[in-house]
Amino acid sequence: MNVSKNTGQPRCDAKKLASCVAAERERLEREAGLAPLRHLRREAERPFLLSERSHVTLLIGGLSSRHHLLLQAVGRALGYRVQVLPTPTKADYQIGREFGDNGMCNPVYFNAGALVHYLRRLRDEEGLPTEQIIREYVVVMPGSCGPCRFGMYEAEYRLILRNSGFAGFRVIVFEQRNFDQGREEMGLELSARTFLPVFCALFIGDLLNELAYQIRPYEVEPGRTDAVFAEVTQALAEHIAAKPADSGPPGIAARLLAKMYPTIQNRHVQLVVEQLLGDYYEPALRAAAARIQNDIEVDYTRPKPVCKITGEFWAQTTEGAGNFALFSFLEAHGAEVLVESVATWFLYLTHQAWRRLRDERGLSGCKHGHGAWWSEALHYRMSRLKLGLGYRLVRREYERFRMALGGTAHAPVDQAELVRLAAPYYNPNCTGGEGHLEIGKTLYCHNHAIAHLVLSLKPFGCLPSTQSDGAQAAVQSAHPEITFLPIETSGEGDANAYSRVLMALGEAKEKCRGEFEECLARTGRSLDEIRSYAARHPELRRPLQHIPGHRGVAGKAANFVLHVAKLMS
């Protein structure tokens, strides 16, 4: 008998099991008088082929403006025609609602509406025939199989496009768990050659976003941060667009791998080696950091409450009407915004895949049809090794870029730590949306004194975030000192959202002010003395200076006065 080594139970044969299930289903349907089921199939769509790459434009959207500019540069470097869709507005939301189903997530309405708005402009203002638009443009979007409404985005996009007069417009979907499009002649290449520069562009966009939001509330010259970061982002985009497709490992790596590198047959492995040992991005990032450091003057003696943004992925990332433009609203009312990075999402997906692999160990004989225990063990070990390497690669590259940009942005949090914090309140095996991340981030910010206010943004009726909000009640019961506010976003309701945010922000300001006054009293110095000393030392007015954190102190100004007082001593 074929017995599993792990469980001691008889091993099932996958084909035999499937045959038995099919036979039993047929018997039950026959006894119930049911006709054979006709399963719904997705309509066949004309694919985007390799031969079309030179004249078909890929439309992208859904992230911040800096992410989009850098991703567009990656597309040019890889030989694609890439166009960024405008940031969605309320008018786009109304277009999405007009042509889409009721009760969908507002990311669908906003983004699909922005797409339709853009296509209408091509047709009505630039005079392109609808047939030409359908032939020469495609939209690229992420997809999933659920369990939330995210799994319906692709079908909803097609419905909105069809109802708005663009039936047949192509929607290219890459799923979070499946990046294989299944055809060698597909025009959108999903391989290490594509993913590595895309990841690098996203990580750089993450860091630039966080730095801009860190610096802008403290700038001495209003508008200077936006001007400098616009120039820096453009320079980095041009550097990315000029990256050679096959550069090989440069510098010391070329000397170390002079003999080994050409013998590597797998081109994907070669590209990973280039990424790990190369330094194409770092000189440009160091130049960007120098520009930021020298061209922006800040005053870190002005206390600002730190507001950490969490929630549903799109709502916490977009900078427009999709989340009521709350980032700029918070800054206008005296807050420092701590935005979330896309890198955290990649780490979350990788860690969740590792957890699923661990939990399903011993079941692979039925799932994959392996014939021996050693084959199952090998499959498990190799899969675990790949996921572990991917997780460490993301963290390593993000840390390299972070240090090249001055090292003041936050490092990615270890996902195992977030699981440990969230587990008493939220089962980490419950997937969908941000899963346990909202709980984990809230507790992490509290334990490490990172923020005065945690603001969770999500579309109306978002099931995973609603579950998190329910668990947050238990978190706040155990930690009443946490200031947490969930906000559901839609095309309307901004006045109510602003009112609620201002109430929570008022509480955060009280925390920040009390913290600042306490730290100032601990120094034995007056605020005028601290400012006078900072005025005499230009390095204390630079945005990328390293301000040591102090236990239980979240505000930048409070940490700054403690730091300056120590220097004065």
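The values are calculated or read from the model by the stated rules, or taken from the named source; none is laboratory data. All values reported here derive from a predicted model rather than from experimental measurement. Please note: Cβ atoms are built from the backbone with ideal geometry, for glycine as well, and neighbour counts cover all protein chains shown. SASA here: full protein model, heavy atoms, side chains in, ligands and nucleic acids out. Shrake-Rupley method; radii C 1.70, N 1.55, O 1.52, S 1.80 Å.
Checked against the criterion of being closer than 20 Å to T408 by Cα and either at pLDDT below 90 or open to solvent by 30 Å² or more (accessible area, probe 1.4 Å) (or both), the candidates A287, A235, A254 yield just one match: A287.
With the condition kept exactly as written, say whether any residue in the stretch 74-82 is assigned to a helix (DSSP H, G or I) and free of Cβ contacts under 8 Å to residues at least 60 places away in the same chain.
Here is the first cut: in the stretch 74-82, the residues assigned to a helix (DSSP H, G or I) are 74-77.
Applying the additional criterion that residues be free of Cβ contacts under 8 Å to residues at least 60 places away in the same chain yields 75.
Looking through the stretch 74-82, at least one residue is assigned to a helix (DSSP H, G or I) and free of Cβ contacts under 8 Å to residues at least 60 places away in the same chain.
Of the residues making up the stretch 412-456, just one is in contact (Cβ under 8 Å) with a residue 40 or more places away in the chain and of a type in the set (K, R), namely K441.
Within the stretch 496-516, identify whether any single residue is open to solvent by less than 30 Å² (accessible area, probe 1.4 Å) and at pLDDT below 95, and answer yes or no. Yes, some residue in the stretch 496-516 is open to solvent by less than 30 Å² (accessible area, probe 1.4 Å) and at pLDDT below 95.
If the condition is being more than 20 Å from F110 (Cα to Cα), open to solvent by 40 Å² or more (accessible area, probe 1.4 Å) and not in a loop (DSSP other than H, G, I, E, B), then the stretch 43-68 contributes L49, L50, S51.
Can you find even one residue in the stretch 542-559 that is modelled with pLDDT of 95 or more, surrounded by 14 or more Cβ atoms within 10 Å (Cβ to Cβ), closer than 25 Å to I215 by Cα and more than 31 Å from the chain's Cα centre (by Cα)? Looking through the stretch 542-559, none of the residues is modelled with pLDDT of 95 or more, surrounded by 14 or more Cβ atoms within 10 Å (Cβ to Cβ), closer than 25 Å to I215 by Cα and more than 31 Å from the chain's Cα centre (by Cα).
Among residues belonging to the stretch 402-411 that are in contact (Cβ under 8 Å) with a residue 40 or more places away in the chain and outside any loop (DSSP other than H, G, I, E, B), point out the one that is farthest from V553 (Cα to Cα). Spell out the reasoning first.
Initially, the stretch 402-411 is screened for residues in contact (Cβ under 8 Å) with a residue 40 or more places away in the chain, giving 402, 404-410.
Next cut, outside any loop (DSSP other than H, G, I, E, B) only: 402, 404.
Values: R402: 23, A404: 26 Å.
So, considering only residues that are in contact (Cβ under 8 Å) with a residue 40 or more places away in the chain and outside any loop (DSSP other than H, G, I, E, B), the one farthest from V553 (Cα to Cα) is A404.
Here is the figure for the stretch 104-138: residues that are in contact with a helix residue (DSSP H, G or I) (Cβ under 8 Å, 6 or more places away or on another chain) and either open to solvent by 20 Å² or more (accessible area, probe 1.4 Å) or more than 16 Å from D92 (Cα to Cα) (or both) total 8.
Keeping to the stretch 299-336, report how many residues are among the aliphatic types (A, V, I, L, M), in contact (Cβ under 8 Å) with a residue 40 or more places away in the chain and not in a helix (DSSP H, G or I). Quick ask: steps written out before the conclusion?
Pass one, the stretch 299-336, residues among the aliphatic types (A, V, I, L, M): 306, 309, 315, 321, 325-326, 330, 332, 335.
Applying the additional criterion that residues be in contact (Cβ under 8 Å) with a residue 40 or more places away in the chain yields 306, 309, 315, 321, 326, 330, 335.
Next cut, not in a helix (DSSP H, G or I) only: 306, 309, 315, 335.
Total meeting the criteria: 4.
On the stretch given as the stretch 424-451, residues that are open to solvent by 20 Å² or more (accessible area, probe 1.4 Å), closer than 19 Å to Y391 by Cβ and modelled with pLDDT under 95 total 2. Flag not set for K566, criterion: open to solvent by less than 50 Å² (accessible area, probe 1.4 Å) and among the basic types (K, R).
Considering each of M141, M186 in turn, give the residue that is open to solvent by less than 60 Å² (accessible area, probe 1.4 Å), modelled with pLDDT under 90, closer than 18 Å to H68 by Cα and not basic (K, R). The match here is M141. Among the residues of the stretch 455-479, the one identified as hydroxyl-bearing (S, T, Y), within 23 Å of G552 (Cα to Cα) and part of a helix (DSSP H, G or I) is S477.
Residue count for the stretch 480-502, restricted to those that are assigned to a helix (DSSP H, G or I) and in contact (Cβ under 8 Å) with a residue 12 or more places away in the chain: 6. Taking the listed residues S465, S490, the one that is open to solvent by less than 10 Å² (accessible area, probe 1.4 Å), within 22 Å of R149 (Cβ to Cβ) and modelled with pLDDT under 95 is S465, with no other qualifying.
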